[in-house]
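> I'd like to ask some things about the structure below.
Values quoted throughout were computed directly from the atomic coordinates according to the rules given, and no laboratory measurement underlies them. Nothing here was measured: the structure is a model prediction, and the numbers come from that model. Every residue, glycine among them, receives a Cβ derived from its backbone with ideal geometry; neighbour counts consider all protein chains shown.
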Amino acid sequence: MGIVYYASDIFESAGFSSSVGTVAMAIIQLPTTAFGVYLMDKSGRRPLLMFSASGMCSACILAGLSFLLKDHGWLKHFSPYLVFVGILLYSATYPLGMGGIPFILMSEIFPINIKGSAGSLATVVNWSTSWIVSYAFNFMLDWNSSGTFFIFAAVNTLSVLFIVKLVPETKGRSLEEIQESLIHIRNNPCIS
């Protein structure tokens, strides 16, 4: 979320027009969000989560490379466009999966007797960590712009691995089937 909140600052520090960048982000987010809602029941939650996290990882790598090139004075005319493409890729892939699907999964995987309290706890943890990341993001950019994006890319890589190993597909499955697959994952964590 820090990337979305500070997109204007990111574009400016990369040497790209912040007004063009933020307008392009807004134009991209609306159709990709709608497309993500459409795809969710067609392709399933898990593939969209993996695609979204992979796209966000690639976007962070592009943005990190852009700042790395800028810091070393290499390809000065090219690096602002690289951050533009990276941020737009992030803006396109985030709403396809990681933006909303975790909340849907949360409502589908918890048993009915703990759904309310577990969902509330998960939401508090989600928004608390989002606040921490958003708060720290500006300090991280001041510390090392390229390093910030490479750290975000590493976190998204870990997200892909987490999804592959531990997140069950919930599309078209009953709560009992989902719970059974979670038990299987718990008992066999190395088998996906």
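> Using just the helices of the chain, give the 222 nm mean residue ellipticity in deg cm²/dmol: DSSP H runs with n ≥ 4 each add -39,500 (n - 2.57), and the total is spread over all residues, rounded to 500.
-27000 deg cm²/dmol
> Next question, about the same structure. Sequence gap at least 6, Cα distance under 8 Å: using those rules, report the relative contact order of the chain to the nearest whole percent.
Dividing the mean separation by the residue count of the chain yields 30 percent.
> Kindly rank 18-30, 116-128, 50-62, 93-105 from highest to lowest mean number of other beta carbons found within 10 Å of each residue.
Final packing ranking: 50-62, 93-105, 18-30, 116-128.
> For Lys70, which aspartates and glutamates qualify as cross-link partners when the Cα separation must be under 16 Å and same-chain residues fewer than eight apart are set aside?
Within reach: Asp9, Glu12, Asp142.
> Taking the Cα centre of each part, how many Å lie between segment 83-148 and segment 43-76?
16
> May I pose another question? In nm, what is the difference between 0.36 nm times the number of residues separating Glu180 and Asn138 and their Cα-Cα distance?
10.9 nm
> Taking a cut-off of 15 Å between Cα atoms, list the aspartates and glutamates near Lys115, but don't count ones fewer than 8 places away on the same chain.
Glu176
> So which helices of the chain fit the span-like rule, where a helix is a whole DSSP H run, its Cα atoms reach 27 Å or more along the axis, and its mean Kyte-Doolittle is at least -1.0?
Correct list, ordered by number: 18-43, 45-72, 115-143, 145-166.
> Where does the Debye-calculated log10 I(q)/I(0) of segment 2-187 sit at q = 0.17 Å⁻¹, using only Cα point scatterers of equal weight, no solvent?
One equal scatterer on each Cα of segment 2-187 leads to -1.10.
> To continue, here is another question. Exposure proxy check: Arg173, Arg186 ranked by fewest other beta carbons within 10 Å?
Least crowded to most crowded, the residues run Arg186, Arg173.
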